[in-house]
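Participant: First the structure, which I've put down as structure tokens, then a few questions once you've had a look.
The values are calculated or read from the model by the stated rules, or taken from the named source; none is laboratory data. Predicted, not measured: the structure shown is a model, and the values here were computed from it. Note that each Cβ is placed from the backbone with ideal geometry, even for glycine, and that neighbours are counted across all protein chains shown.
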Amino acid sequence: MKIRFIEPGNRPYQKTLLNHLVYDRYIRTPSQGIITLATILHQKYDDVRCYSESISEIVWDDVLDADIIFFSIFTFQAERGYQLADDIRSKTKARIVFGGLHATLNPEEAMAHADIVMRGEGDETILMVTEAIENGSDISEIPGIVYKDGEKIVFGPKAIPPVQIDTVPDRSLLYRFKEATIYNTIWPQVHASRGCPHNCAYCSLVAAFGRTVRCRSPQSVIEDIRQAIDFFDSKYHRLSRVLWITDDNFFANREWAKSVLNAIIESGIKYHFTIQARYEVGFDDEMLDLLKRAGFFQLAMGIEFLEDEAFQMYKKKSTYSEILRSVKNIQAHGIQVRGLFIFGADNHTVGIGKKLADFVVKNDIVGVLIQSMYFIPGTPVYETHKDRLITQRLWSRSNGKVVHKPKQMSPVELQNEIIDASSRIYSFRRFISAMIHRRGIDRTLFLGECLWQYFVRKDLREDLAFLEQYCETQQEPAPNRILTHDHKWLGIGNIPSPVHLLRRVIT
């Protein structure tokens, strides 16, 4: 059996000097999901390889004669994944299998481009599917499977969360991953636990995987960390030696989280770590002390909103005063706070951009990710807002752009508020201050943030014409990117030199 995995790119990889400077323009850190599943299959099948358009082009001569091609898609990648799958199906008889978060929540849609859809986590399902295809046996009883019987879409038994999740991904199975570690813009990642006990209305995690939290053994996590660091640092000298623990809620199981942090401390691993967190960890002094001792220099906090009304509206169990207390206590332990925010709540009005920028500067938030409110089928917020969506099918917009009509401002105004907030937070004055006063990894990361946010704003500004036309006509204009036969995107425009880019960013 020849088995290939593909992770499509919302903006596919291009070779450019910008990859050394700007994350998520033409390069981004590939998902651990496909590598983990490929590792599981590689224990039985020799000819297994992954491709991610996050870090490389796809070698089509190698892919098109595969027996099975697995696609893993998030919402922002879905359209690109469907295009690639349709093109492959026109050229080969390979069995196409879709999985991932978006396919889990939209199986009927994905089935239009696939032979099989795998819902939920595939750690145990994927071997059953592969063996069934290899042997030509019945797949109807495989948990989590969606398939076609003639023209009828058939749902198999309910997906069952896997019991064994200790697989350490073999990163060498991903094509050109080792070569891509020369870029400081991508970081090693480790996923240590799965699930979240909370139920925020906009979050697709619970809708897809439920509220049960499952954890890897501390020994498995430590081995994964060791291998990730070795994979990234053994060939090139990297400036940003940072590893990201990518769990949605690492601290949900407190005793387990403490055991992992203690294991990192006892291992003697000396590295910079960052991790996502809810605000509650800011009240846990014991946990904060362990994080500091283990090498965690920054927490990416899902703050989302600055108004108690918005927290209540979207079932986010937070208050503004609790957020402030948490931030101050985390900083008091010598750990930085990075803020993750959502614009477009029903109570948001013009001026939200300045409000957020003032909050970030006043409270020394070291960096931000700002996204417009997003709506994925299967989430409560989708059901309450689906009549206000700009489009229900343009999934590629779900990467931060405005996708709905807010209650108290226009879509154009909302997108301008995101641009305004970014411009204020990453202003010329703050850039110069950071270059003078910050040191080491902090200076490097802020420079990278400035470059990244410049391109975020550039994309959002260019997209304003789409929003204006949509609001005027209520019809979607023709897309400005098309897929050609050799799988290249057109309409991307000229790429500035790094020197010219930096001059534009700081002016």
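Participant: State the number of residues belonging to region 175-201 that are more than 15 Å from the chain's Cα centre (by Cα), surrounded by 21 or more Cβ atoms within 10 Å (Cβ to Cβ) and among the aliphatic types (A, V, I, L, M).
Facilitator: Number of matching residues: 2.
Participant: On to the next question. Of Ile265, Ile275, Ile269, which residue is of a type in the set (Val, Ile, Thr), surrounded by 18 or more Cβ atoms within 10 Å (Cβ to Cβ) and in contact (Cβ under 8 Å) with a residue 24 or more places away in the chain?
Facilitator: Answer to the check: Ile275.
Participant: Which members of region 46-76 meet the condition of being farther than 15 Å from Thr130 by Cα, surrounded by fewer than 24 Cβ atoms within 10 Å (Cβ to Cβ) and touching a strand residue (DSSP E or B) at 6+ places or on another chain (Cβ under 6 Å)?
Facilitator: Ile58, Val63
Participant: I've got another one for you. If Asp247 meets every condition in (1) in contact with an Asp or Glu (Cβ under 9 Å, 6 or more places away or on another chain); (2) of a type outside the set (Phe, Trp, Tyr); (3) free of Cβ contacts under 8 Å to residues at least 60 places away in the same chain apart from one, which number is that one?
Facilitator: Asp247 satisfies every listed condition except (1).
Participant: Being on the phi < 0 side of the Ramachandran plot, free of Cβ contacts under 8 Å to residues at least 24 places away in the same chain and over 24 Å from the mean Cα position of the chain (by Cα) narrows it down to one of Asp62, Asp46, Asp67, Asp87, so name that one.
Facilitator: Of the residues listed, the single one that is on the phi < 0 side of the Ramachandran plot, free of Cβ contacts under 8 Å to residues at least 24 places away in the same chain and over 24 Å from the mean Cα position of the chain (by Cα) is Asp46.
Participant: Continuing with the same structure: Test of understanding: among Val366, Val361, Val350, which residue is outside the structural domain of Phe455 (by TED's automatic domain parsing), farther than 29 Å from Gln469 by Cβ, more than 25 Å from the chain's Cα centre (by Cα) and of a type outside the set (Ser, Thr, Tyr)?
Facilitator: Result of the check over Val366, Val361, Val350: Val361.
Participant: For region 247-336, which fully contained helices (runs of 4 or more DSSP H) count at least 2 residues that are more than 27 Å from Ser372 (Cβ to Cβ) and more than 26 Å from the chain's Cα centre (by Cα)?
Facilitator: Those helices (runs of 4 or more DSSP H) span 254-267, 285-294, 320-332.
Participant: Something else: Need at least 1 residues that are at pLDDT below 95 per element, so show me which strands (runs of 3 or more DSSP E) inside region 77-151 make the cut, counting only ones lying wholly within it.
Facilitator: 145-149
Participant: Being over 30 Å from Tyr26 (Cβ atoms), out of contact with any Pro (no Cβ under 9 Å at 6 or more places or on another chain) and without any contact (Cβ under 8 Å) to a residue 24 or more places away in the chain is the requirement here; does Asp138 meet it?
Facilitator: Yes.
Participant: Can you report the number of residues in region 353-392 which are more than 26 Å from Ile323 (Cβ to Cβ), in contact with a helix residue (DSSP H, G or I) (Cβ under 8 Å, 6 or more places away or on another chain) and either at pLDDT 95 or above or not small (Gly, Ala, Ser) (or both)?
Facilitator: Residues in region 353-392 being more than 26 Å from Ile323 (Cβ to Cβ), in contact with a helix residue (DSSP H, G or I) (Cβ under 8 Å, 6 or more places away or on another chain) and either at pLDDT 95 or above or not small (Gly, Ala, Ser) (or both): 4 in total.
Participant: Is it true that some residue in region 67-75 is part of a loop (DSSP other than H, G, I, E, B) and either touching an Asp or Glu at 6+ places or on another chain (Cβ under 7 Å) or assigned by TED's automatic domain parsing to the domain that holds Ser204 (or both)?
Facilitator: Checking region 67-75: not a single residue is part of a loop (DSSP other than H, G, I, E, B) and either touching an Asp or Glu at 6+ places or on another chain (Cβ under 7 Å) or assigned by TED's automatic domain parsing to the domain that holds Ser204 (or both).
Participant: Turning to a different aspect of this structure: Identify all residues within region 96-109 that are surrounded by 19 or more Cβ atoms within 10 Å (Cβ to Cβ) and either more than 10 Å from Phe71 (Cα to Cα) or out of contact with any strand residue (DSSP E or B) (no Cβ under 7 Å at 6 or more places or on another chain) (or both); write none if there are none.
Facilitator: Leu101, His102, Thr104, Leu105, Asn106, Pro107
Participant: Pairs needed: first member in region 357-368, more than 16 Å from Phe428 (Cα to Cα); second member anywhere, among the charged types (D, E, K, R); C-beta distance under 8 Å; at least 6 residues apart or different chains.
Facilitator: Between residues of region 357-368 that are more than 16 Å from Phe428 (Cα to Cα) and residues that are among the charged types (D, E, K, R), the close pairs are Asn363/Lys328; Ile365/Arg338; Val368/Arg338.
Participant: Let me ask something additional. Ala207: closer than 29 Å to Phe231 by Cα, outside the structural domain of Ile73 (by TED's automatic domain parsing) and in contact (Cβ under 8 Å) with a residue 24 or more places away in the chain, yes or no?
Facilitator: The answer is no for Ala207.
Participant: Within region 401-433, restricting attention to residues that are hydroxyl-bearing (Ser, Thr, Tyr) and in a helix (DSSP H, G or I), which residue is surrounded by the fewest Cβ atoms within 10 Å (Cβ to Cβ)?
Facilitator: Step by step, filter region 401-433, then rank; the result is Ser433.
Participant: With the condition kept exactly as written, say whether any residue in region 222-229 is touching a residue at least 60 places away in the same chain (Cβ under 8 Å) and either assigned by TED's automatic domain parsing to the domain that holds Ala277 or surrounded by fewer than 20 Cβ atoms within 10 Å (Cβ to Cβ) (or both).
Facilitator: no
Participant: Another question, then. Consider Pro157 against the criteria (1) surrounded by fewer than 19 Cβ atoms within 10 Å (Cβ to Cβ); (2) in contact with a Lys or Arg (Cβ under 6 Å, 6 or more places away or on another chain); (3) without any contact (Cβ under 8 Å) to a residue 40 or more places away in the chain: it satisfies all of them except one. Which criterion is unmet?
Facilitator: (2)
Participant: What pairs can you find where one residue is in region 328-354 and under 17 Å from Val403 (Cα atoms), the other is β-branched (Val, Ile, Thr), and their Cβ atoms are less than 8 Å apart, with a gap of 6+ or different chains?
Facilitator: Note: pairs meeting the criteria are Phe341/Ile303; Phe341/Val368; Phe341/Ile370; Ile342/Ile370; Phe343/Ile352; Phe343/Ile370; Phe343/Ile418; Gly344/Val402.
Participant: What are the residues in region 214-246 that are over 20 Å from the mean Cα position of the chain (by Cα), of a type in the set (Ser, Thr, Tyr) and assigned to a loop (DSSP other than H, G, I, E, B), if any?
Facilitator: Passing the criteria: Ser217, Ser234, Tyr236.
Participant: Quick check on Ile492: is it within 19 Å of Glu79 (Cα to Cα), at pLDDT below 70 and surrounded by 13 or more Cβ atoms within 10 Å (Cβ to Cβ)?
Facilitator: Here the answer is yes, as Ile492 does meet what is asked.
Participant: Considering only residues of region 126-154 that are in contact with a Gly (Cβ under 9 Å, 6 or more places away or on another chain) and not β-branched (Val, Ile, Thr), which is surrounded by the most Cβ atoms within 10 Å (Cβ to Cβ)?
Facilitator: Gly144
Participant: Against the condition surrounded by fewer than 21 Cβ atoms within 10 Å (Cβ to Cβ) and either farther than 28 Å from Tyr426 by Cβ or among the hydrophobic types (A, V, I, L, M, F, W, C) (or both), how does Thr379 come out, does it pass?
Facilitator: So Thr379 does not fit the description; no.
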